[in-house]
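Just below is one structure, and these are the notes that go with it.
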Amino acid sequence: MADLLNVNPTRGTLLRLKDELKGVRTRHDLLDRKREVLIQELMSRLEKAEDLEQESRDYFQAAHQAIQKARMRMGSDRIDWISLSPTVRFDVDVSARTIMGLKIPSVEIDIQPSDTPPYGVSDTSAALDEAREKWMDVLRFLADASDVFTSVWRLAMELRKTQRQVNALESTLIPRYRNTIRHIESRLEEEEREEIVIAKKVKEMGESR
Amino acid sequence: MSIFVIGDRDTVLGFRLVGAHGTPVKDKEAASAELEKALQNEDIQLLLITREWSDALRERIDRLKMDRLQPIVMEIPGKSVEPPERSLNQLVRRAIGINI
């Protein structure tokens, strides 16, 4: 037995189901359109995201090597103390636009390095300068990567959700409506035929009398 | 508007050098507590968490990445720069894959 909606097979139900199926189809079309837009947006960012993901490892690896070296030369406490008066100032600005109801961020990190290190020259070491330079690179990298990664993540998640909804409509709800409508139509036709037969019989009985 | 880092000692130290703030954490509970505290801070625009701890707090992190823009939550490689558990490529392929 095909998967049917649990309804009474009447003419009224038939009309109502046909109407509802129209609504379901519209919802399906909208979701399908949304799916297409999400794929487009995703694809347009994917290559950049993959490049950035590759770069990410290099930047962080270099930065970690540099900080380990600096820490070994100077000790964590000293670096911590120096970092209390940072040599860079930056400002993070996040804005968002909406794609198909999904908020997609755009991140700007405005980095302003100050010319003179605030700590005394005797405190500096090549290792520390190197570490600072490498972590600056990380910071610049994040300015590029944070919104791309976040956008791709969100688009992919939303796409998965939308895809599931489209699938559910296509594989379950729409066939269920169609089967039920077909079922009711054949039931109604059958009833109609029976009524004709009965009417004929009644008529015959009337004539033979 | 600032950047806040939750991670290992070296990661936090590195970011501090360039003016970001952060707290090094050593266990999941501390990471979770720092995360919730940072989320309350309206000055933080970008919240970075090393993969070691984002993996430990996976469900919460995934929700935040989806729902929050203030701050933006981002996973970064930690001291032992390991490849991400789920690369963007895999993620996207899985998202689109259902259709192909």
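All of the numbers you see were taken from the coordinates with simple rules; none came from a lab. Predicted model only: the values in this text are computed from it and were never measured. All Cβ positions, glycine included, derive from the backbone under ideal geometry; neighbour counts span all protein chains shown.
Overall shape: prolate for segment A:140-209, with the ratio a/c of the largest to smallest alpha carbon gyration tensor axis at 1.5 or above and a/b above b/c. Only Cα pairs within less than 10 Å get springs; with that Gaussian network setup on chain A, which residue of A:156, A:49, A:168 has the largest fluctuation? Highest fluctuation of the listed residues: A:168.
Checked against a 24 Å cut-off, the cross-linked pairs A:22/A:161; A:48/B:65; A:18/A:203 give Cα-Cα distances beyond that limit for A:18/A:203. Take every Cα pair under 8 Å in chain A that's 6+ residues apart, average their separations, divide by the length, and report that relative contact order as a whole percent. In percent, rounded to a whole number, it is 37. Against chain A, whose longest principal axis is taken from its Cα atoms, helix A:11-74 shows a tilt of about 10°. Between A:5, B:7, B:87, the Cα set farthest toward the positive side of the dipole of the protein assembly as shown (charges on each charged residue's Cβ, about the Cα centre) is that of A:5. Among A:191, A:41, A:20, the largest mean-square fluctuation in a Gaussian network model of chain A, built with springs joining Cα atoms closer than 10 Å, belongs to A:191.
At 222 nm, what value in deg cm²/dmol follows for chain B if DSSP H runs of at least 4 each add -39500 (n - 2.57) and the sum is divided by all its residues, to the nearest 500?
Values: 5 runs with 48 residues, N = 100.
Only helices count here, giving -14000 deg cm²/dmol.
Assigning unit charges at the beta carbon (Lys, Arg +1; Asp, Glu -1) and nothing else, what dipole magnitude in debye, to the nearest 20, does segment A:14-195 show about its Cα centre? About 420 debye.
Dipole of the protein assembly as shown computed with +1 at Lys/Arg Cβ and -1 at Asp/Glu Cβ about the Cα centre; of A:141, A:88, A:66, farthest Cα towards the positive end is A:141. Helix-only arithmetic for chain A: the sum of -39500 (n - 2.57) across DSSP H runs with n ≥ 4, divided by the residue total, places the mean residue ellipticity at 222 nm at -26500 deg cm²/dmol.
Does segment B:1-88 come out rounded, prolate or oblate by the C-alpha gyration tensor, with a ≥ b ≥ c the root eigenvalues, rounded set by a/c under 1.5 and, if not, prolate when a/b is larger than b/c and oblate if not? Cα axes put segment B:1-88 in the rounded bin. On the beta carbon distance between residue A:172 and residue B:40, with R0 = 45 Å, the FRET formula returns roughly 0.60.
Report the antiparallel proportion of the DSSP beta bridges in the protein assembly as shown as a percent, rounded to a multiple of 5. Please report the intermediate quantities before stating the final value.
Working: 12 of 26 bridges.
Bridges in the protein assembly as shown that DSSP calls antiparallel: roughly 45 percent.
Look at where the Cα atoms of segment A:10-47 and of segment A:160-189 average out, and the two centres are 13 Å apart.
Dipole size in debye (nearest 20) for the protein assembly as shown around its Cα centre, Lys and Arg Cβ +1, Asp and Glu Cβ -1?
Values: 50 positive and 54 negative charges, 264 e Å.
Roughly 1260 debye for the protein assembly as shown.
Within the listed set A:33, A:25, A:16, the Gaussian network model of chain A (springs between alpha-carbon atoms below 10 Å) gives the highest mean-square fluctuation for A:16.
Under the rule a/c < 1.5 gives rounded, and otherwise a/b versus b/c splits prolate from oblate, where does the protein assembly as shown land using the Cα gyration tensor? Note, shape of the protein assembly as shown comes out prolate.
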